[in-house]
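The values are calculated or read from the model by the stated rules, or taken from the named source; none is laboratory data. Note that the structure is predicted; figures quoted are calculated from it, not measured. As a convention, Cβ positions derive from the backbone with ideal geometry for all residues, glycine included, and neighbour counts pool all protein chains shown.
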Amino acid sequence: MTNPVSISQWLSAVLTVSGTFFFIVGTLGLLRFPDIYSRLHALTKADNLGLGLLVAGLALQADTLSSALKLILIWLLVIVTSATTSFLIARTTLEQGIQPKDKP
Amino acid sequence: MLKSPSTQQFLQISWRPILVRILLFACLWWILTGGTPASWSVGVPAILIASYISLRFSRAIPFKLDYLSLLSFILFFCWQSLRAGIDVAKRVLQPRLPLNLGLVEFPTQLSPGTPAHTLLVNAINLLPGTLVTRIRRHSLTLHVLDTQAPIAAEAQALETRIAALFRLPHTNSSNHEKIGNDIS
């Protein structure tokens, strides 16, 4: 029951499921939050963590070191693009004079 | 002065950026191909071409990294990502949607265009409840999910870590509030 394989499989399952949970949370935020700015918060932060947990879970199941590193590389590329695009969208929105809402 | 022109030219080439790029692209190739021996016949030319293009297009802003700080920054970043995701989840899943939205000005000592500044802007976007909406010369305009949260202190802590990472001189000034009080 407590051999290393099953422990890492359990851990992998827990990580993957919680990653999926944060993807759902990000989507809920996109629907529930009141304006562009707050929706960007929901998407960047929840998806960063969601994908991070998913990648960690899948990396535990990877056969080789290089495929585990490939998964981590995908996570890094996604967080760099999501951080940059969320800034670009927020900046353009502010430049167009769309003010953030102060209450939901 | 006494060196022959060819030796001087040879020494003027800085080899470090070239070697660092070759090493990085080789690691990348290994990750992408899983190290299949046959792939290196395509990989080696690709690595050399990529290194050449990277050198030609880099704007050559020199920076030094502190590797111990890098390790602690990675751990800090993962911990903050976890906090940020849980923070969003807490707000989204409550029926009354607890938000205190607003814009906050954050004064920064890092100058725009430097690698340290770019890292600061990108990292703030992934930190709990903060999003950069405007970059000014000495400050960032942040959109925050909760204006009551200690935004300034957290962003300051991040800036201090990034300054340490890039070995930049940095005064941990908490006197912004003092200045504000003097004016009011």
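Note on the stretch A:80-97: residues that are surrounded by 13 or more Cβ atoms within 10 Å (Cβ to Cβ) and either more than 7 Å from chain B (Cβ to nearest Cβ) or touching a residue at least 60 places away in the same chain (Cβ under 8 Å) (or both) amount to 4. Scanning the stretch A:33-57 for residues that are assigned to a helix (DSSP H, G or I) and either modelled with pLDDT under 90 or under 18 Å from A:LEU88 (Cα atoms) (or both) yields a total of 12.
Restricting the first member to the stretch B:136-162 and to residues that are of a type in the set (Lys, Arg), and the second to residues that are at pLDDT below 90 and outside any helix (DSSP H, G or I), the beta-carbon pairs closer than 7 Å and six or more apart or on different chains are B:ARG137/B:PRO112. Residues considered: B:LEU71, B:LEU2, B:LEU82, B:LEU24. Of these, the only one that is at pLDDT below 90 and either in contact with a Cys (Cβ under 9 Å, 6 or more places away or on another chain) or not small (Gly, Ala, Ser) (or both) is B:LEU2.
Only one of B:LEU120, B:LEU110, B:LEU101, B:LEU131 is facing chain A (nearest Cβ under 10 Å), buried (at least 18 other Cβ atoms within 10 Å of the Cβ) and in contact (Cβ under 8 Å) with a residue 40 or more places away in the chain; which?
Values: B:LEU120 fails: facing chain A (nearest Cβ under 10 Å); B:LEU110 fails: facing chain A (nearest Cβ under 10 Å); B:LEU131 fails: in contact (Cβ under 8 Å) with a residue 40 or more places away in the chain.
Unique residue meeting the criteria: B:LEU101.
Please determine whether any residue of the stretch B:89-104 is part of a strand (DSSP E or B) and within 22 Å of A:THR84 (Cβ to Cβ). Yes: one or more hits. Of all residues in the stretch B:117-175, those being under 18 Å from the mean Cα position of the chain (by Cα), of a type in the set (Ser, Thr, Tyr) and under 24 Å from B:ARG91 (Cα atoms) number 3. Cβ-Cβ contacts under 9 Å between residues 6 or more apart (or on different chains), taken from a first residue in the stretch B:34-59 that is surrounded by 10 or more Cβ atoms within 10 Å (Cβ to Cβ) to a second residue that is outside any helix (DSSP H, G or I), are listed as B:GLY34/A:THR64; B:GLY35/A:THR64.
Please pick out the residue among B:LEU65, B:LEU55, B:LEU75, B:LEU110 that is in contact with a helix residue (DSSP H, G or I) (Cβ under 8 Å, 6 or more places away or on another chain) and in a helix (DSSP H, G or I).
Result: B:LEU55 is the single residue among B:LEU65, B:LEU55, B:LEU75, B:LEU110 that is in contact with a helix residue (DSSP H, G or I) (Cβ under 8 Å, 6 or more places away or on another chain) and in a helix (DSSP H, G or I).
Checking every residue in the stretch B:135-154 against the condition of being loosely packed, with under 15 Cβ neighbours inside 10 Å, within 10 Å of chain A (Cβ to nearest Cβ) and in a helix (DSSP H, G or I) gives zero matches. Looking only at residues of the stretch A:33-61 that are of a type in the set (D, E, K, R) and without any contact (Cβ under 8 Å) to a residue 24 or more places away in the chain, we find that the one that is nearest to the other protein chains (Cβ to nearest Cβ) is A:LYS45. Within the stretch B:76-96, the set of residues being closer than 19 Å to B:ASN125 by Cβ and surrounded by fewer than 11 Cβ atoms within 10 Å (Cβ to Cβ) comprises B:TRP79 only.
Residue count for the stretch A:62-79 under the criterion of being of a type outside the set (Lys, Arg) and at the interface with chain B (Cβ under 7 Å from one of its Cβ atoms): the result is 6.
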